[in-house]
1. Is it the case that L372 is free of Cβ contacts under 8 Å to residues at least 40 places away in the same chain, of a type in the set (A, V, I, L, M) and closer than 26 Å to A288 by Cβ?
2. Anything in the range 185-206 that is assigned to a loop (DSSP other than H, G, I, E, B) and buried (at least 23 other Cβ atoms within 10 Å of the Cβ)? List them, or say none.
3. Can you tell me which of V89, V22 is more than 18 Å from the chain's Cα centre (by Cα), under 23 Å from L528 (Cα atoms) and touching a residue at least 24 places away in the same chain (Cβ under 8 Å)?
4. Quick one: count up the residues across the range 409-427 that are assigned to a loop (DSSP other than H, G, I, E, B), of a type outside the set (D, E) and either touching a Cys at 6+ places or on another chain (Cβ under 8 Å) or within 20 Å of D276 (Cα to Cα) (or both).
5. For the condition within 30 Å of Y368 (Cβ to Cβ) and more than 19 Å from the chain's Cα centre (by Cα), what is the one hit in A189, A283?
6. Within the bounds of the range 151-161, is there any residue that is touching a Gly at 6+ places or on another chain (Cβ under 7 Å), modelled with pLDDT under 95 and surrounded by 24 or more Cβ atoms within 10 Å (Cβ to Cβ)?
7. Return the pair list, or none, for Cβ contacts closer than 8 Å from residues in the range 561-582 that are more than 18 Å from A462 (Cβ to Cβ) to residues that are among the small types (G, A, S) and outside any loop (DSSP other than H, G, I, E, B), at least 6 apart or on different chains.
8. Filter the helices (runs of 4 or more DSSP H) completely within the range 320-394 down to those with at least 3 residues that are over 22 Å from D63 (Cα atoms).
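The values are calculated or read from the model by the stated rules, or taken from the named source; none is laboratory data. Keep in mind it's a predicted model, so treat the numbers as computed, not measured. Don't worry about glycine lacking a Cβ; one is built from the backbone with ideal geometry, like all the others, and counts go over all protein chains shown.
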Amino acid sequence: MPQKVLAGRSSDPNMKGDLLRVKVDQVILSRAPARAVAEAIKFGIKRAQPEFSIAYDGFAVSDRSTVVAAADGAPDSVSSSFPEFGILVGRAGIGFPAPVHIERFAAPARLALTDDPRMAPVGGLGMLALVASAPQLGEAMATGYVWLRPPRSIQIHLSGRLRPFVCARDIALELMRRDLDKLVAEVEARHQGPVVLEFAGQSARLMSVNERAVLCGIAHQVGAAAAIFISDDKSEVFLRDQRRSKAQRALVPDPGAPCDEVVTLDISAVDPLIMDERGVVRAARELAGKPVGQVVLGGDSGATLRDLLAAASLLKSKRIPPRLDLLLSPPSRQVLEVLGQVGALVDLVATGARVIEPDRRIIGGELYPPPLGALSMRNMDPEPIAEGRRGFLVASPETLSYAVAHGHVGDPRSFKRPARVTVPRILPTEDVLVVRKRGQKKGPGVAAFKPSALAPIVPWGAALTLDVFVGVPLGSHAHALAPNDPGLAVLVTKYDDIRSVAEASLLGPSRVRALIAPFIPSQMVTSLASEGIATFQLAASAIAALIKDKESKVSFPKASAWQAKTEVLFGKQKIALRWLALDRERTWIEQGKSR
């Protein structure tokens, strides 16, 4: 299916080349909107060329620092003048980008480009959403096109029927427990192309769009570029309920269409599961009895409207334990309104829930962090664990409800009977917090967009000797290059660290010039290349040996001499690195730009 989406938008329908120039249908900005628009201005944007472009303001909880940063045009801010370029603005408080976009703007069989890996759930509606760098997004908005690697596919075939107290969140955790990440890495290694997860099977067809979105959300947790479901009668009914029937397009795989690997899962054998703070998925009963100090229900992934209604039903007439905080973060304003209309919000508040705003800093634990000395449980996919932050347990809303009702971890099947809820078909669809046009061009409060100055991307030219850094650069190590500063070659072995380096590059050039790891997803290779960051593959054992030897410098030959296997000097050791960039990506690195 991803090949069908791209083939219809590419000048090379057979997708023979290493890179394809592809027409983009939607651009979704969330992590660094101001920088992406600034890059589009460099490309000469007059009006955004894709059919639809939107920037979501994720800072719903404002303080002095966020106000000042927005006024200064910080890379992660949103300007009220974006609509002048044909870019809609989702104002603060509209909800988390992924669930809001599924409800109001996502469309089946289209290609979306985004700066936020957490937009993967839109694949539940049959939309292919790929992560790109700020320069790529700028090019897409200015020209309507972008260069991408052709994808590969892993089919996930679902069969069986869910048992009571088991939901889509548990299926997603079961897939992660079955080492889906290792299979993705194997396919990547064989084909040097981004992997897209395709969900298939009769059980997949019976799932609602929101349940499908929960499963698609795990894509970037396992190293895949995206995930996608078919577009069928379920998506048609969903769009009709959202009053967007005209967006429907059918998307199904061709009969006999090949895929690179197939994973089968009988969902009737799935138990309630929990991902612990180390990322290990275990049965809920294995952690039974552990006291819980905080529960965050909602967020941007892992909880459908049906799940929240079920949680409200299970917790009705109950009271939270004295040492537990229950935080409710509705995924979108639509969900919040529905919870209020059917009385579920009253039931949750009566239980002791505190309703909090949909601020993106909740996801990473910057706001409402896990308490010290107590467990935190949430239903949303975790961000890469950054230095100084604590992790949390990930489980289904039913499992979270059990923790709220009893004060400790347990199997939700201990409830007397499952919740039986009916999801309303008449939904509020007023886009009151979407700015579609700016209105008056003159007058107070309509200053033109002026992004903060960002350091230029430094091209690779002559031979360079870089400082070696182990782990994710933070603080002074992450700052942009100063004059005469060669930069850093970063050594990492954990996938979370690779994600952190890639996502940090969205905010602008840093001291990172080269990233060396055992596995780097192809989509990240392309994005980092457009930022002038070279990516290399080296076995984990070899990286461990370099760390043990405390090598502090690495010398690279001039970029024009690099080959698929490039020899570099770590101190006096000569080591061959596999250069992961292909075709035009290599030119981008040498020139320091993707234009």
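1. Numbers: free of Cβ contacts under 8 Å to residues at least 40 places away in the same chain: yes; of a type in the set (A, V, I, L, M): yes; closer than 26 Å to A288 by Cβ: yes.
Spelling it out, L372 is indeed free of Cβ contacts under 8 Å to residues at least 40 places away in the same chain, of a type in the set (A, V, I, L, M) and closer than 26 Å to A288 by Cβ.
2. From the range 185-206, those assigned to a loop (DSSP other than H, G, I, E, B) are 192-194, 201; that's our starting set.
Matches in the range 185-206: P194 only.
3. Working: V89 fails: under 23 Å from L528 (Cα atoms).
Criteria check complete, one pass: V22.
4. Step one: of the range 409-427, the residues assigned to a loop (DSSP other than H, G, I, E, B) are 409-411, 415-427.
With the extra rule that they be of a type outside the set (D, E), the set shrinks to 409-410, 415-427.
Of the ones still in play, those that are also either touching a Cys at 6+ places or on another chain (Cβ under 8 Å) or within 20 Å of D276 (Cα to Cα) (or both) are 409-410.
Number of matching residues: 2.
5. Numbers: A189 fails: within 30 Å of Y368 (Cβ to Cβ).
Sole residue among the options that is within 30 Å of Y368 (Cβ to Cβ) and more than 19 Å from the chain's Cα centre (by Cα): A283.
6. Kept after step one, since they are touching a Gly at 6+ places or on another chain (Cβ under 7 Å), are these residues of the range 151-161: 151-152, 157-159.
Next, only the ones that are modelled with pLDDT under 95 stay: 151-152.
Pick out the ones that are also surrounded by 24 or more Cβ atoms within 10 Å (Cβ to Cβ) and you get 151.
Looking for residues that are touching a Gly at 6+ places or on another chain (Cβ under 7 Å), modelled with pLDDT under 95 and surrounded by 24 or more Cβ atoms within 10 Å (Cβ to Cβ), one finds at least one in the range 151-161, hence yes.
7. Listed pairs, sorted by first residue: K565/A576; I575/A542; L580/S522; A581/A529; A581/A534.
8. On the way: elements: 333-342, 344-351, 361-364.
Helices (runs of 4 or more DSSP H) meeting the threshold: 333-342, 344-351.
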